[in-house]
Amino acid sequence: RLELDVKQAYNWNWVDSRMLRGGPDVRFDPYFQTTAKFNTDKAKRMIFTLQYSGIHNTYNHYNTLSPNLTFRIGNHVFMSGQLDYSRNMDNLEYIGTYYYPTEQYNTNGNCDYITGHMEQKTYGLTMKVQVNVTPDISIQFYGSPFTSTAKFSDFKVMTDTKSHTYENRFASIDATTSSRYGDLIKNPNFSFNEFRSNLVARWEYLPGSTIYFVWEHHMSERRSEYVSKWNDNLDHMFGLPTTNTFMIKMNYWFDI
(Lines give C-alpha, C1' and ligand atoms only; values in the text may rest on other atoms or scores of the structure.)
Protein backbone atom coordinates (compact mmCIF):
# COMPACT_ATOMS: atom_id res chain seq x y z
CA ARG A 1 0.00 0.00 0.00
CA LEU A 2 1.02 3.61 -0.57
CA GLU A 3 1.54 5.91 2.42
CA LEU A 4 1.54 9.73 2.58
CA ASP A 5 2.09 11.81 5.71
CA VAL A 6 2.01 15.63 5.65
CA LYS A 7 2.45 17.96 8.62
CA GLN A 8 2.21 21.75 8.75
CA ALA A 9 3.16 23.87 11.77
CA TYR A 10 3.15 27.61 12.44
CA ASN A 11 5.72 29.00 14.88
CA TRP A 12 5.79 32.49 16.32
CA ASN A 13 7.56 34.57 18.96
CA TRP A 14 10.71 32.51 18.60
CA VAL A 15 13.99 33.68 20.17
CA ASP A 16 17.30 31.96 19.36
CA SER A 17 19.92 32.06 22.12
CA ARG A 18 22.67 30.29 20.13
CA MET A 19 22.71 32.05 16.77
CA LEU A 20 25.34 34.69 17.72
CA ARG A 21 27.66 32.17 19.39
CA GLY A 22 27.49 33.53 22.91
CA GLY A 23 26.05 36.92 21.94
CA PRO A 24 22.57 38.28 22.71
CA ASP A 25 19.36 36.42 21.86
CA VAL A 26 17.89 37.06 18.41
CA ARG A 27 14.17 37.26 17.65
CA PHE A 28 12.86 35.61 14.49
CA ASP A 29 9.69 36.39 12.58
CA PRO A 30 6.90 33.78 12.57
CA TYR A 31 7.46 30.96 10.10
CA PHE A 32 5.75 27.94 8.59
CA GLN A 33 7.34 24.51 8.95
CA THR A 34 6.30 21.74 6.55
CA THR A 35 7.23 18.06 6.52
CA ALA A 36 5.98 15.44 4.07
CA LYS A 37 6.81 11.77 3.50
CA PHE A 38 5.64 9.40 0.77
CA ASN A 39 6.55 5.74 0.42
CA THR A 40 5.44 2.73 -1.56
CA ASP A 41 4.43 -0.60 -0.03
CA LYS A 42 6.97 -1.55 2.66
CA ALA A 43 6.14 -5.24 2.21
CA LYS A 44 7.56 -5.24 -1.32
CA ARG A 45 11.15 -6.05 -2.20
CA MET A 46 11.66 -2.59 -3.70
CA ILE A 47 10.58 0.45 -1.70
CA PHE A 48 10.65 4.07 -2.86
CA THR A 49 10.53 6.87 -0.28
CA LEU A 50 10.43 10.62 -0.82
CA GLN A 51 10.83 13.06 2.08
CA TYR A 52 10.54 16.84 2.12
CA SER A 53 10.98 19.42 4.86
CA GLY A 54 10.89 23.18 4.66
CA ILE A 55 10.92 26.33 6.78
CA HIS A 56 9.69 29.63 5.34
CA ASN A 57 9.05 33.19 6.41
CA THR A 58 9.45 36.56 4.71
CA TYR A 59 13.25 36.63 4.90
CA ASN A 60 14.45 33.03 5.28
CA HIS A 61 13.82 29.86 3.27
CA TYR A 62 15.09 26.34 3.88
CA ASN A 63 14.12 23.35 1.74
CA THR A 64 15.44 19.80 1.71
CA LEU A 65 14.40 16.90 -0.54
CA SER A 66 15.45 13.28 -0.01
CA PRO A 67 14.48 10.47 -2.41
CA ASN A 68 15.41 6.94 -1.27
CA LEU A 69 15.34 3.58 -3.05
CA THR A 70 15.68 0.28 -1.16
CA PHE A 71 16.09 -3.24 -2.56
CA ARG A 72 15.84 -6.57 -0.78
CA ILE A 73 16.99 -9.64 -2.69
CA GLY A 74 15.80 -12.65 -0.78
CA ASN A 75 17.06 -12.81 2.78
CA HIS A 76 20.68 -12.35 1.77
CA VAL A 77 21.12 -8.92 0.16
CA PHE A 78 19.93 -5.48 1.25
CA MET A 79 20.78 -2.32 -0.74
CA SER A 80 19.68 1.29 -0.34
CA GLY A 81 20.60 4.62 -1.83
CA GLN A 82 19.46 8.08 -0.74
CA LEU A 83 20.10 11.46 -2.33
CA ASP A 84 19.83 14.55 -0.13
CA TYR A 85 19.53 18.04 -1.58
CA SER A 86 18.93 21.18 0.42
CA ARG A 87 18.88 24.89 -0.34
CA ASN A 88 19.16 27.42 2.42
CA MET A 89 18.65 31.18 2.07
CA ASP A 90 19.25 32.92 5.40
CA ASN A 91 19.25 36.71 5.60
CA LEU A 92 20.93 36.84 9.05
CA GLU A 93 23.50 34.05 8.97
CA TYR A 94 26.23 34.52 11.58
CA ILE A 95 29.65 35.29 10.08
CA GLY A 96 31.81 36.31 13.01
CA THR A 97 32.43 38.63 15.94
CA TYR A 98 34.50 41.80 15.64
CA TYR A 99 36.26 42.86 18.87
CA TYR A 100 37.10 46.52 19.40
CA PRO A 101 40.34 47.68 21.02
CA THR A 102 39.77 48.56 24.68
CA GLU A 103 39.84 52.31 24.03
CA GLN A 104 37.19 52.03 21.29
CA TYR A 105 34.31 50.31 23.08
CA ASN A 106 31.01 51.11 21.38
CA THR A 107 27.48 51.31 22.75
CA ASN A 108 27.09 47.51 22.50
CA GLY A 109 30.22 46.83 24.56
CA ASN A 110 33.51 45.61 23.15
CA CYS A 111 32.31 43.77 20.04
CA ASP A 112 29.99 43.72 17.03
CA TYR A 113 28.19 40.60 15.83
CA ILE A 114 28.34 40.34 12.04
CA THR A 115 25.77 38.53 9.90
CA GLY A 116 24.97 38.42 6.19
CA HIS A 117 22.70 37.04 3.53
CA MET A 118 23.73 33.45 2.77
CA GLU A 119 22.75 31.24 -0.14
CA GLN A 120 23.80 27.67 0.54
CA LYS A 121 23.41 24.46 -1.42
CA THR A 122 24.11 21.04 0.07
CA TYR A 123 24.27 17.69 -1.72
CA GLY A 124 24.70 14.27 -0.20
CA LEU A 125 24.49 10.65 -1.30
CA THR A 126 24.25 7.73 1.11
CA MET A 127 24.78 4.16 -0.06
CA LYS A 128 24.33 1.04 2.08
CA VAL A 129 24.83 -2.61 1.16
CA GLN A 130 24.55 -5.65 3.41
CA VAL A 131 25.23 -9.21 2.27
CA ASN A 132 24.46 -12.12 4.57
CA VAL A 133 26.88 -14.76 3.29
CA THR A 134 25.73 -17.33 5.86
CA PRO A 135 23.63 -17.02 9.02
CA ASP A 136 26.90 -16.39 10.90
CA ILE A 137 28.82 -14.21 8.42
CA SER A 138 27.78 -10.84 6.99
CA ILE A 139 29.48 -7.98 5.14
CA GLN A 140 28.28 -4.36 5.35
CA PHE A 141 29.34 -1.33 3.31
CA TYR A 142 28.46 2.32 3.94
CA GLY A 143 29.56 5.22 1.73
CA SER A 144 28.56 8.89 1.76
CA PRO A 145 29.99 11.72 -0.39
CA PHE A 146 28.85 15.12 0.89
CA THR A 147 29.38 18.67 -0.33
CA SER A 148 28.09 22.02 0.89
CA THR A 149 28.85 25.39 -0.68
CA ALA A 150 27.74 28.90 0.28
CA LYS A 151 28.15 32.51 -0.79
CA PHE A 152 27.49 35.66 1.27
CA SER A 153 26.36 39.22 0.56
CA ASP A 154 24.57 42.15 2.24
CA PHE A 155 26.60 42.22 5.47
CA LYS A 156 25.03 43.55 8.69
CA VAL A 157 25.85 44.49 12.28
CA MET A 158 23.32 43.16 14.78
CA THR A 159 21.84 45.95 16.94
CA ASP A 160 18.48 45.64 18.72
CA THR A 161 18.38 41.87 18.28
CA LYS A 162 15.09 41.24 20.11
CA SER A 163 13.12 44.02 18.44
CA HIS A 164 9.66 43.06 17.15
CA THR A 165 10.47 45.09 14.00
CA TYR A 166 12.74 43.13 11.68
CA GLU A 167 14.60 46.16 10.25
CA ASN A 168 15.57 47.35 13.77
CA ARG A 169 17.52 44.17 14.58
CA PHE A 170 20.50 45.15 12.46
CA ALA A 171 22.31 47.95 10.63
CA SER A 172 23.64 47.38 7.12
CA ILE A 173 27.39 47.60 6.55
CA ASP A 174 28.09 50.06 3.73
CA ALA A 175 31.25 51.25 2.00
CA THR A 176 32.05 53.72 4.79
CA THR A 177 32.07 51.07 7.53
CA SER A 178 33.19 47.93 5.70
CA SER A 179 36.90 48.68 6.15
CA ARG A 180 36.50 48.47 9.93
CA TYR A 181 35.73 44.76 9.81
CA GLY A 182 38.61 43.86 7.51
CA ASP A 183 39.09 40.19 6.71
CA LEU A 184 35.95 39.19 8.63
CA ILE A 185 33.71 40.10 5.68
CA LYS A 186 36.33 40.02 2.95
CA ASN A 187 35.57 36.46 1.83
CA PRO A 188 33.32 34.34 4.06
CA ASN A 189 32.30 32.13 1.10
CA PHE A 190 33.12 28.45 1.47
CA SER A 191 32.91 24.99 -0.07
CA PHE A 192 33.12 21.91 2.15
CA ASN A 193 33.66 18.43 0.70
CA GLU A 194 33.76 15.14 2.56
CA PHE A 195 33.62 11.45 1.81
CA ARG A 196 33.19 8.82 4.52
CA SER A 197 32.93 5.08 4.05
CA ASN A 198 33.36 1.93 6.07
CA LEU A 199 33.42 -1.79 5.41
CA VAL A 200 32.53 -4.20 8.19
CA ALA A 201 32.84 -7.98 8.13
CA ARG A 202 31.03 -9.74 10.97
CA TRP A 203 31.53 -13.35 12.02
CA GLU A 204 29.63 -15.02 14.85
CA TYR A 205 32.14 -17.78 15.44
CA LEU A 206 30.27 -19.10 18.48
CA PRO A 207 26.68 -18.47 19.63
CA GLY A 208 26.73 -15.00 21.20
CA SER A 209 30.44 -14.49 20.41
CA THR A 210 31.35 -12.20 17.49
CA ILE A 211 34.43 -10.80 15.78
CA TYR A 212 34.35 -7.68 13.55
CA PHE A 213 36.89 -6.59 10.94
CA VAL A 214 36.46 -2.87 10.17
CA TRP A 215 37.96 -0.57 7.53
CA GLU A 216 37.14 3.16 7.77
CA HIS A 217 38.01 5.59 4.97
CA HIS A 218 37.76 9.38 5.29
CA MET A 219 38.64 12.48 3.25
CA SER A 220 37.52 16.09 3.76
CA GLU A 221 38.48 19.71 3.08
CA ARG A 222 37.03 23.20 3.57
CA ARG A 223 37.92 25.87 0.99
CA SER A 224 37.30 29.62 1.17
CA GLU A 225 35.55 29.86 -2.17
CA TYR A 226 32.12 29.24 -3.66
CA VAL A 227 31.90 26.34 -6.13
CA SER A 228 28.35 26.06 -7.43
CA LYS A 229 28.38 22.74 -9.32
CA TRP A 230 28.23 19.39 -7.51
CA ASN A 231 30.32 17.58 -10.13
CA ASP A 232 33.13 20.16 -9.75
CA ASN A 233 33.13 19.56 -5.99
CA LEU A 234 33.13 15.78 -6.48
CA ASP A 235 36.07 15.97 -8.89
CA HIS A 236 38.02 17.92 -6.29
CA MET A 237 36.88 15.68 -3.41
CA PHE A 238 38.28 12.44 -4.79
CA GLY A 239 41.70 14.02 -5.17
CA LEU A 240 42.02 14.86 -1.46
CA PRO A 241 44.42 13.12 0.96
CA THR A 242 42.77 10.20 2.71
CA THR A 243 42.80 8.68 6.17
CA ASN A 244 42.37 4.91 6.55
CA THR A 245 41.70 3.16 9.83
CA PHE A 246 41.66 -0.61 10.41
CA MET A 247 40.15 -2.15 13.52
CA ILE A 248 39.37 -5.57 14.94
CA LYS A 249 36.72 -5.94 17.62
CA MET A 250 36.02 -9.19 19.38
CA ASN A 251 33.65 -10.26 22.09
CA TYR A 252 33.23 -13.60 23.77
CA TRP A 253 30.12 -14.75 25.59
CA PHE A 254 30.13 -17.46 28.18
CA ASP A 255 27.64 -18.68 30.73
CA ILE A 256 28.72 -18.71 34.34
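Would you mind calculating the relative contact order of segment 105-256 from Cα pairs under 8 angstrom and at least 6 residues apart, reporting the percent as a whole number?
Normalised by residue count, the contact order of segment 105-256 is 22 percent.
Shape verdict for segment 89-233, please, from the Cα gyration tensor: rounded (a/c under 1.5), prolate (a/b greater than b/c) or oblate.
prolate
Sort segment 155-196 into rounded, prolate or oblate with this rule: let a ≥ b ≥ c be the square roots of the eigenvalues of the Cα gyration tensor; rounded if a/c is under 1.5, and if a/c is not under 1.5, prolate when a/b is larger than b/c, oblate otherwise.
Oblate.
Charges only on Cβ, +1 for Lys and Arg, -1 for Asp and Glu: so what's the dipole of segment 52-185 about the Cα centre, in debye to the nearest 20?
That gives a dipole near 480 debye.
Give the accessible area for D112 in Å² (nearest 10); use a 1.4 Å probe, count only protein heavy atoms, and leave out ligands, DNA and RNA.
We get 10 Å² for D112.
List, in order, the whole-Hz ³J(HN,Hα) value for each residue of segment 181-190 obtained from phi through the Karplus relation with A = 6.51, B = -1.76, C = 1.60 and θ = phi - 60°; use x for Gly and Pro.
Computed from phi, the couplings for segment 181-190 are 8, x, 5, 4, 10, 5, 7, x, 4, 7 Hz.
Near the amide H of G96, under 5 Å away, which other amide H atoms are found, from residues 5 or more places off or on another chain, if H is placed in the peptide plane?
For G96, the qualifying residues are I114.
Using a probe radius of 1.4 Å on heavy atoms only, what accessible surface per residue do you get for segment 114-187? Whole Å² is fine.
51 Å²
Give me the net charge of R27's neighbourhood, meaning all other residues with Cβ under 13 Å from the Cβ of R27; Lys, Arg count +1, Asp, Glu -1.
Taking every other residue near R27 into account, the sum is -3.
Ranked from the most accessible area to the least, with a 1.4 Å probe and all protein chains present, what is the order of W12, W253?
These residues rank, largest area first, as W12, W253.
How much solvent-accessible surface does H61 expose, in Å² to the nearest 10, with a 1.4 Å probe and all protein chains in place?
Roll a 1.4 Å probe over it and H61 shows about 60 Å².
Between the alpha-carbon centers of segment 180-241 and segment 1-80, tell me the distance in whole angstrom.
Measuring centre to centre over Cα atoms gives 23 Å.
With the contact rule set at Cα under 8 Å and sequence spacing of 6 or more, what percent relative contact order holds for the chain?
12 percent
Determine the sum of side-chain charges near Y98: Lys and Arg each +1, Asp and Glu each -1, restricted to other residues whose C-beta is under 14 angstrom from that of Y98.
With Lys, Arg at +1 and Asp, Glu at -1, the neighbours total +2.
Which whole-Hz couplings ³J(HN,Hα) result when phi for each residue of segment 161-177 is put into the Karplus expression 6.51 cos²θ - 1.76 cosθ + 1.60, θ = phi - 60°, listed in order with x for Gly and Pro?
5, 9, 5, 6, 9, 4, 5, 7, 7, 8, 10, 5, 8, 10, 4, 6, 10
Would you work out what percent of the accessible area of the chain, with all protein chains in place, is carbon or sulfur (probe 1.4 Å)?
Of all accessible area on the chain, carbon and sulfur atoms account for 56 percent.
Provide the convex hull volume over Cα atoms per residue for segment 100-183, in Å³.
Taking the convex hull of the Cα positions in segment 100-183, it is 213 Å³ per residue.
Quick one: longest stretch of the chain between exposed loop trypsin sites (Lys or Arg not before Pro), exposed meaning at most 10 other C-beta atoms within 10 Å and loop per DSSP?
With a cap of 10 other Cβ atoms within 10 Å, the longest stretch comes to 46-185.
The values are calculated or read from the model by the stated rules, or taken from the named source; none is laboratory data. These numbers were taken from a predicted model, which means no experiment stands behind them. As a convention, Cβ positions derive from the backbone with ideal geometry for all residues, glycine included, and neighbour counts pool all protein chains shown. Side chains included, ligands, DNA and RNA excluded: accessible areas come from the protein's heavy atoms. Shrake-Rupley method; radii C 1.70, N 1.55, O 1.52, S 1.80 Å.
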